[in-house]
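What follows is a set of notes on a single structure, which appears directly below.
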Amino acid sequence: MKPLISTADVFLVNVRNELKPSLKPNTDLSGYSQCIPGTAPPAGTTAAPPSTTATAVPPQSTLVVTNNLPTVTITPPPSTTGGSAGSGPGTTLQSGYYWIRAVAAPNFHKYLQTKPVYTTGLAILESYTTAGQFQVVDGQLVELVSGGLLYAVVSAQTDSSVTKLALTFSTSKNTYGTFAWSGDALTWTVSGITRPNNAAWLVCANQQLFINLGSYGYMTPEGCSDQTVSLLERTQVETDANIFLDSLLQR
């Protein structure tokens, strides 16, 4: 008797049709068979082991025929989170350097650091556990890392419509503007730009830190929050108890 078409038959045909352009030449999928009454091996005999065949399919997916039934597994793309972290002085403050942290919500107790940590990359405000150690030297904001210094580099304003400037860290010195302390606040100035507040910063997507060329708390760019950042001279960067006590004082 001619066997009826089963769900497995339909599934196999669909898989073949969908993946046909990417199959290797001469790929053998003939090992598939459906169970038909009366075709089981006689008692006392051992059935042949099920076949397992793999073949090429579109990128980021794999076709595997196991127990005579095809399955497709999707493989996630590789991570693109950036370079590797470097090494630095850790959570004990070194002589002549400071922690730099935010002093206003929603980034209260977030600390200046690089992403990836201790190496060239974006300037961000994040956890105290990976805080960098900084100083202003001859107008340069520098971070102490193993083997030397990193320099905060400001992206130049390309036209007057630009209201925030990105900050990154590099092995080369900054050539645009000057960093300085004003009391305990970190400031930045440059010839040709008059800022309403030289200590105004912005924290935007992914905690990235920008220089705010506009007024603090006025016409804040979408997705950003106004911020000031201040130095902190304390041997140990932070503890959970300190954060809790300071949060009570902020109320």
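Observations, loosely collected:
- Which of 159, 184, 138, 226 has the fewest Cβ neighbours within 10 Å, and the rest in rising order: 159, 138, 184, 226
- Considering every alpha-carbon pair of segment 99-250, the percent of pairs per 10 Å bin, from zero through the bin containing the longest distance, is 11, 43, 36, 9, 1.
- The slack between residue 85 and residue 162, meaning 0.36 nm per residue of separation minus the straight C-alpha distance, is 24.6 nm.
- Phi-derived couplings, Karplus 6.51 cos²θ - 1.76 cosθ + 1.60 at θ = phi - 60°, listed residue by residue for segment 169-181: 10, 9, 7, 9, 5, 6, 10, 10, x, 9, 8, 7, 8 Hz, with x used for Gly and Pro.
- Sorted ascending by nearby beta carbons within 10 Å, beginning with the fewest, 175, 189, 163 become 175, 189, 163.
- Ranking of 195, 101 by neighbouring Cβ atoms within 10 Å, starting from the fewest: 195, 101.
- Karplus (6.51, -1.76, 1.60) ³J(HN,Hα), θ = phi - 60°, over segment 90-97, in Hz, Gly and Pro reported as x: x, 9, 10, 5, 8, 4, x, 10
- Amide H contacts under 5 Å for residue 164, placed H, 5+ residues apart: 213
- Modelled this way, with points 7 Å down the Cα-to-C-beta line, the labels at residue 155 and residue 233 are 3.5 nm from one another.
- A Förster distance of 22 Å, applied to the separation of the beta-carbon atoms of residue 176 and residue 137, puts the FRET efficiency at 0.85.
- Phi-based couplings in Hz for segment 99-115 (Karplus 6.51, -1.76, 1.60; Gly and Pro marked x): 7, 10, 9, 6, 10, 9, 5, x, 10, 4, 6, 9, 10, 5, 6, 9, 10
- Segment 80-132 and segment 136-182 have Cα centres lying 15 Å from one another.
Read the figures in this text as sums done on the coordinates, not as results from a lab. Note that the structure is a prediction, hence the values are computed from the model and not measured. So basically every Cβ, Gly included, is an ideal-geometry build from the backbone, and we count neighbours across all protein chains shown.
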